[in-house]
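Everything on this sheet refers to the single structure shown next.
Please treat every number below as a calculation from the coordinates, not as lab data. This one's a predicted model, so the numbers in the text were calculated from it and none came from an experiment. So basically every Cβ, Gly included, is an ideal-geometry build from the backbone, and we count neighbours across all protein chains shown.
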Amino acid sequence: MTELLQLRDISKRFGGVKALKGIDLSIPEGTIYGLIGPNGAGKTTLFNIITGMYTADTGTRVLRGQALPLNLKPYEIVIRGIARTFQNIRLFHYMSALENIMVGCHRHSGIGLFATLFNTANARTEEASIRARAFELLDYVGLPRSCASRLANELSYGDQRRLEIARALATRPSLLALDEPAAGMNPTETEALRVLLTRIRDDGITVLLIEHDVKLMMSLCDRLAVLDFGELIAEGEPAAIRQDPRVIAAYLGGEA
Ligand SMILES: Nc1ncnc2c1ncn2[C@@H]1O[C@H](COP(=O)(O)OP(=O)(O)OP(=O)(O)O)[C@@H](O)[C@H]1O
């Protein structure tokens, strides 16, 4: 399996708290990869380092063989191919669903300020192709066309989560990073999420997620990394993780 993202010796300290202690991790291309562990284990910190929200104190990140310097800003990480969603949905609430997706598509737009301001023929053609791509993504994540013109904050919770995924996909990432995507979802929405994430993986986009729903993670993920007190205590396929004594002691208890 080809490695998409390699992390080496990633550490992060907040004052006296060692949130991450020299994490080595490789995410293989074409997998759904899960981060699990008890509260305070360091999952969010690692996720935020991968997506550029936090700067690690030590370590290296390599995406498809290209170094991602630790001081890159979140938007620079997006440009290099890692897009994310947030635990607390962060859509542009007073823009339509379609416009939210179009914002993501603009990262690939080659049209400059002059063309945009003067609405040149090139700008109009580009705008039309961005709109068409946004409609494709709306369909892809399973949102009905009737959602396109509705304000993002008028959509149901599950649909807003789908819209966030569509906006992230619009940046054409090689790694889609999802922070607790099933939080607050009902069982029907969770099942639909599982189908969508499997499809995204099958279409060639690697998926990284943090999620507290252990049953979902065990059945959805191809591989899991387990953190505890800032250390990686286990890594592998769910079947092996479920039986790992350290994981059972630290996290799974009777849940596996
Ligand atoms: N911004 C911060 N400032 C200070 N301490 C922090 C900060 N972020 C995280 N920590 C501390 O770092 C440790 C790891 O926290 P982190 O949020 O990464 O864990 P987590 O595994 O995501 O937990 P949870 O499942 O509860 O979200 C904890 O001790 C936490 O209190």
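Overview of values
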item: Whole-number D in µm² s⁻¹ for the range 177-248, Kirkwood Cα-pair radius fed into Stokes-Einstein, 10 °C, 1.306 mPa s; result: 121 µm²/s
item: The range 131-173 shape via C-alpha gyration tensor axes, a/c threshold 1.5; result: oblate
item: Cα-projected label distance for T60 with R172, points at 7 Å along beta-carbon direction, nm; result: 2.8 nm
item: The chain: relative contact order in percent, alpha carbon pairs under 8 Å with at least 6 residues between; result: 27 percent
item: Sum of -39500 (n - 2.57) over DSSP H runs of 4+, divided by residues of the chain (222 nm, nearest 500); result: -10500 deg cm²/dmol
item: Cα pair distances of the chain binned at 5 Å [whole percent]; result: 1, 6, 13, 16, 18, 16, 12, 8, 5, 2, 1, 0, 0
item: 0 to 90° range, to nearest 10: angle between helix 121-140 axis and the chain longest Cα axis; result: 40 degrees
item: Per residue Cα convex hull volume in Å³ - calculated over the range 1-109; result: 137 Å³
item: 10 Å beta-carbon shell around K18, net charge (K/R +1, D/E -1); result: +1
item: Estimated dipole of the chain in Debye, rounded to 20 [Cβ of Lys and Arg +1, of Asp and Glu -1, Cα centre]; result: 560 debye
item: Signed unit charges on C-beta, dipole axis of the chain, positive-most listed residue M95, I200, P28; result: M95
item: Ranking of M218, M102, M95 by count of other Cβ atoms within 10 Å, fewest first; result: M95, M218, M102
item: Debye-sum result for the range 17-60 in log10 I(q)/I(0), which assumes one identical scatterer on each alpha carbon, at q = 0.16, 0.30 Å⁻¹; result: -0.46, -1.35
item: Top of V226, V141, V17 by mean-square fluctuation, Gaussian network on the chain, Cα under 10 Å; result: V17
item: For the range 129-209: rounded, prolate or oblate by the Cα gyration tensor [a/c cutoff 1.5]; result: oblate
